[in-house]
Amino acid sequence: MKIAVCVKQVVARDWPLRVDQDGGWVRDADASFEMNEPDAYALEEGLRLKERHGGEVIVCSAGPARVAQVLREGLARGADRAIHVESDDLRAAEPSAVGQALGDALRPESCDLVLTGLQSDDQGFGQTGVVLASALGVPHATIIMEIVVGDGQVRVKRELEGGQFQWVTLPLPALLTIQSGINQLRYATLKGIMAARRKPVRKVAPDAPAAAGQRILRLYVPEKDKQTKLFEGAPDAAAGELVRALREEARVLG
């Protein structure tokens with residue numbers, strides 16, 4: 001069984017975020033980076049499926065040269081080989097550009113199953129996996145909590161709202177976006193880190209420049225603003241004025 005797992009490199013959660021000079025993204029030139037947590041769960045699930053059904057796990061990522069860090073981490077955890085779609089244009093690209101670039105790289109692999117995390121810790125669109133499924137022309141299911149593979153199909157448990165779940169069956173090949181918490185993450189051992197140095201990493205360039213379907217106009221730290229307003233007068237009048245202010249000024253009442 002050939003399984004591809006798409007991972008993203010994101011700014012480490014303990015790094016102090018600072019907006020760059022253009023105001024369109026964070027200043028990451030001196031940042032520390034880590035593997036996107038939902039993608040780590042997807043990688044772990046891919047490794048477990050390989051252990052049960054055999055085959056190989058390919059870890060894939062798109063971005064600048066520094067993305068090699070998370071690919072090596074994926075190899076150290078147990079993936080067999082890696083694909084790096086290398087382009088500075090994909091550093092902070094939106095889902096349609098990333099999904100198309102990953103699709104071009106993975107299409108020749110003819111994978112049985114493609115896994116991604118549900119969403120990224122930085123932009124959080126939750127759409128890259130869906131766009132990738134469209135680019136590959138395969139069925140997909142999202143928010144997956146359990147996977148059962150057999151007889152040329154995959155049966156998955158989806159998490160819905162209100163504590164509800166849904167079981168769906170898809171033919172293979174298919175793409176699944178994995179919910180965090182589906183499993184217990186493993187960490188790279190010293191043996192795995194040493195082995196990762198000998199595993200192949202194939203670098204490919206995007207077939208076409210990343211075409212943005214949307215862009216971030218402004219990124220900023222939430223501005224703290226509070227003020228106190230005192231309602232004086234008779235209780236009935238003050239209460240009426242308070243309700244009016246909550247409805248028309250604060251807009252917290254319907």
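Please determine whether any residue of the range 25-32 is surrounded by fewer than 23 Cβ atoms within 10 Å (Cβ to Cβ), in contact with an Asp or Glu (Cβ under 6 Å, 6 or more places away or on another chain), assigned by TED's automatic domain parsing to the domain that holds Ile193 and under 19 Å from Pro95 (Cβ atoms).
Of the residues in the range 25-32, the ones surrounded by fewer than 23 Cβ atoms within 10 Å (Cβ to Cβ) are 25-32.
Of the ones still in play, those that are also in contact with an Asp or Glu (Cβ under 6 Å, 6 or more places away or on another chain) are 27.
Within this subset, residues satisfying the condition of being assigned by TED's automatic domain parsing to the domain that holds Ile193 are 27.
From the residues that got through so far, the ones that are under 19 Å from Pro95 (Cβ atoms) too are none.
Checked the range 25-32: no residue is surrounded by fewer than 23 Cβ atoms within 10 Å (Cβ to Cβ), in contact with an Asp or Glu (Cβ under 6 Å, 6 or more places away or on another chain), assigned by TED's automatic domain parsing to the domain that holds Ile193 and under 19 Å from Pro95 (Cβ atoms).
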- Over the range 33-50, the set of residues under 14 Å from the mean Cα position of the chain (by Cα), surrounded by fewer than 22 Cβ atoms within 10 Å (Cβ to Cβ) and part of a strand (DSSP E or B) is Glu34
- Could you tell me which of the residues Val5, Val59, Val70 is in a helix (DSSP H, G or I) and surrounded by 13 or more Cβ atoms within 10 Å (Cβ to Cβ)? Val70
- Message: If a residue must be part of a loop (DSSP other than H, G, I, E, B), out of contact with any Phe, Trp or Tyr (no Cβ under 9 Å at 6 or more places or on another chain) and under 15 Å from Val10 (Cα atoms), how many such residues does the range 87-97 contain?
- Response: 1
- State whether one or more residues within the range 74-81 are among the aliphatic types (A, V, I, L, M), buried (at least 23 other Cβ atoms within 10 Å of the Cβ) and at negative phi. yes
- Query: Name the residues in the range 168-179 that are outside any strand (DSSP E or B) and either surrounded by 17 or more Cβ atoms within 10 Å (Cβ to Cβ) or among the aromatic types (Phe, Trp, Tyr) (or both), would you?
  - Reply: Pro173, Gln179
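The values are calculated or read from the model by the stated rules, or taken from the named source; none is laboratory data. Because the structure is a prediction, the values reported are computed rather than measured. Cβ: placed from backbone, ideal geometry, glycine included. Neighbour counts: every protein chain shown.
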